[in-house]
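The values are calculated or read from the model by the stated rules, or taken from the named source; none is laboratory data. This one's a predicted model, so the numbers in the text were calculated from it and none came from an experiment. Cβ sites come from the backbone with ideal geometry, for glycine too, and all protein chains shown count toward neighbours.
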């Protein structure tokens, strides 16, 4: 297991470097620049601004300076927000996005796995059909509809929960977390149901029943662990997608997360802000996939011994 983990971990730095390199050159080769929207700026002042931020240098020199700054933990200053470091912006918004993402994944796991297990154990029953209908509904209805609908019902009509703003308490977290978690609950329930139905047909399950084990013991000791392998594979990219893709939910509920910085930076051609967000999102995605690979190797020994 240790060698398997080392191999997976060794692939993270070169992959992250490739993301940084590709993003750096793609952003700068795109039409437009960070100061093109400035109206009435004399060419001399624009040239001075570009020189101050190092944009008058060749791309390779800019790339080398940027990577050197990253090695010292610096993302550089924002080109559009004066006297503001990208590191400070990320430090302000990332805790909010991480809190929402982690809670949403935990809620999805705690709700999706039992729902999928019940659907598989009660196959073709009304409970199975209800779970399947919930899963299809959760996948089909997008978050930009679910979020306002929940806000309308529980915030504006029933006055149970706040519909906007950010406070690190349960009342402000319930609606955005539920909005983010619902599609993931649907996917986890379907994957759990499908994986468990396949495992329950395996020979070793029939052998466990033949030894006199109860249905609950067979399910918990023998069937559930291999049945969760597809769920674990899904959780890696799903966690990264929730943390990095919560822009709609943050906009609906007025949350100060990191999603708005990426959009604002792309619109304003704020190179350093976009690069900072891409690097953070890329690192989170790689770490989540690494955790999923390690968990998958623990669940299925055949994977780590290949």
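Side notes on the structure shown:
- Scanning the stretch 252-280 for residues that are farther than 18 Å from residue 85 by Cβ, in a helix (DSSP H, G or I) and in contact with a helix residue (DSSP H, G or I) (Cβ under 7 Å, 6 or more places away or on another chain) gives 252, 259, 263, 266.
- Residue check, residue 145 part of a helix (DSSP H, G or I) and either surrounded by 15 or more Cβ atoms within 10 Å (Cβ to Cβ) or touching a strand residue (DSSP E or B) at 6+ places or on another chain (Cβ under 7 Å) (or both): no
- Taken over the stretch 59-91, residues that are surrounded by 15 or more Cβ atoms within 10 Å (Cβ to Cβ), more than 18 Å from residue 262 (Cα to Cα) and without any contact (Cβ under 8 Å) to a residue 60 or more places away in the chain amount to 2.
- Residue in the stretch 128-137 that is out of contact with any strand residue (DSSP E or B) (no Cβ under 9 Å at 6 or more places or on another chain), at pLDDT 85 or above and crowded, with 16+ Cβ neighbours inside 10 Å present: no
- Any hit, the stretch 144-154, residues being more than 22 Å from the chain's Cα centre (by Cα), modelled with pLDDT of 80 or more and farther than 20 Å from residue 255 by Cβ: no
- Hey, residue 168 loosely packed, with under 14 Cβ neighbours inside 10 Å and in contact (Cβ under 8 Å) with a residue 40 or more places away in the chain or not: yes
- Of the numbered criteria (1) touching a residue at least 24 places away in the same chain (Cβ under 8 Å); (2) at negative phi; (3) not in a helix (DSSP H, G or I), the one residue 224 fails is (3).
- Yes/no for residue 104 being part of a helix (DSSP H, G or I) and surrounded by fewer than 19 Cβ atoms within 10 Å (Cβ to Cβ): no
- Meets criteria (surrounded by fewer than 17 Cβ atoms within 10 Å (Cβ to Cβ), in a helix (DSSP H, G or I), at negative phi and touching a helix residue (DSSP H, G or I) at 6+ places or on another chain (Cβ under 8 Å)) for residue 184: no
- Test for residue 94: is it part of a helix (DSSP H, G or I), more than 23 Å from residue 262 (Cα to Cα) and at pLDDT 80 or above: no
- Only residues that are surrounded by fewer than 19 Cβ atoms within 10 Å (Cβ to Cβ) and in contact (Cβ under 8 Å) with a residue 40 or more places away in the chain were counted across the stretch 110-122, and they come to 1.
- Checked against the criterion of being within 21 Å of residue 230 (Cβ to Cβ) and touching a helix residue (DSSP H, G or I) at 6+ places or on another chain (Cβ under 6 Å), the candidates 146, 199, 136, 121 yield just one match: 199.
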